[in-house]
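Each remark here refers to the structure printed beneath this line.
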Amino acid sequence: MNFGRHISGQFNVELESIRTHVLTMGGLVEQQLSFALQALNKEDIDLARKVVKDDHKVNVMEMSIDEACTRIIAKRQPTAKDLRLIMAIIKTISDLERIGDVATKIAYVAIETPSSKQRKYHVSLETLCRLAIDMLHQALDAFARMDVESAAQVHKMDDKIDAECKAVIEQLTKLMMEYPKNIPSMLQIMQSAHAIERVGDRCQNICEYIVYFVIGKDVRHLEDDDLGRALNDI
């Protein structure tokens with residue numbers, strides 16, 4: 001990534017190091033989500049427990065990157081685009097940590113509600129989770145390149161996640177009326193569906209931070225059409 005020229009070459013090294021750590025953290029979170037889905041589908045309790053255990057690694061990385069950003073602010077007193085980058089990174093790692101929490105939640109469902117029960121209910125979180133993993137992967141790719149056009153395209157992917165989540169919730173609502181004795185288990189699946197849907201929202205946030213860094217415009221809370229117009233006005 002071209003951060004621009006700085007009088008201190010060490011400043012560039014520090015910024016690049018932080019960016020690399022963010023992408024490493026993102027890769028770990030993506031892996032956590034993938035493992036959680038695998039554990040759920042294959043009823044792999046050991047893998048689910050590994051996801052739960054490894055959540056602390058995500059938390060430690062968030063704190064480490066946050067501390068590095070704080071040191072840069074204190075030492076370099078960044079302004080303009082450099083400051084926007086630091087702010088975008090701080091917000092991005094917060095969203096990544098929350099996505100890691102979703103992976104842990106799915107892992108707990110894998111432990112407590114085996115996929116055989118999901119099949120019995122004729123409902124599955126697999127499609128929803130794969131959509132979320134794909135969106136996260138592409139959001140991280142856009143972050144790696146700080147590509148606003150890619151970020152805008154990824155931002156739109158949340159519509160598919162919302163639609164799939166809605167379909168899952170509708171299925172579960174009907175099943176609750178048919179099988180009231182199984183409501184506790186179905187509620188766990190429903191809560192997981194909502195949590196996965198939030199991954200899409202977190203990915204949208206990351207895309208908005210990319211736009212903020214590149215063009216210096218706050219595009220939070222804009223609809224996709226409005227976001228597209230904002231980028232066209234550059």
Checklist outcome for this item: Checking 161, 99, 111 in turn, the sole residue that is among the β-branched types (Val, Ile, Thr), buried (at least 16 other Cβ atoms within 10 Å of the Cβ) and either at pLDDT below 95 or closer than 22 Å to residue 215 by Cα (or both) turns out to be 111
Next on the checklist: Give all pairs with beta carbons closer than 8 Å in which a residue from the range 175-197 that is free of Cβ contacts under 8 Å to residues at least 60 places away in the same chain meets a residue that is assigned to a helix (DSSP H, G or I) and small (Gly, Ala, Ser); count only pairs at least 6 apart in sequence or on separate chains.
Outcome noted: none
Checklist entry - Just wondering, is there one or more residues in the range 183-205 that are modelled with pLDDT of 90 or more and farther than 24 Å from residue 108 by Cα? => result yes
Checklist entry - Quick check: is even one residue across the range 37-51 among the small types (Gly, Ala, Ser), closer than 22 Å to residue 143 by Cβ and modelled with pLDDT of 90 or more? => result no
Item to check | Residue that is modelled with the lowest pLDDT [pool: residues in the range 1-29 that are more than 25 Å from residue 95 (Cβ to Cβ) and among the polar types (S, T, N, Q)] | outcome: 8
Checklist entry - What is the number of the single condition among (1) surrounded by fewer than 16 Cβ atoms within 10 Å (Cβ to Cβ); (2) farther than 18 Å from residue 17 by Cβ that residue 54 does not meet? => result (1)
Next on the checklist: Go through the range 156-190 and report how many residues are more than 18 Å from the chain's Cα centre (by Cα) and part of a loop (DSSP other than H, G, I, E, B).
Outcome noted: 1
Item to check | Which listed residue, of 106, 90, 65, is in a helix (DSSP H, G or I), at pLDDT 95 or above, surrounded by 20 or more Cβ atoms within 10 Å (Cβ to Cβ) and of a type in the set (Val, Ile, Thr) | outcome: 65
Checklist entry - Do we find that residue 70 is in a helix (DSSP H, G or I), within 19 Å of the chain's Cα centre (by Cα) and either at pLDDT below 95 or polar (S, T, N, Q) (or both) in this structure? => result no
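The values are calculated or read from the model by the stated rules, or taken from the named source; none is laboratory data. Model, not experiment: these values are computed from the prediction. All Cβ positions, even for glycine, are placed from backbone atoms using ideal geometry, and neighbour counts span all protein chains on display.
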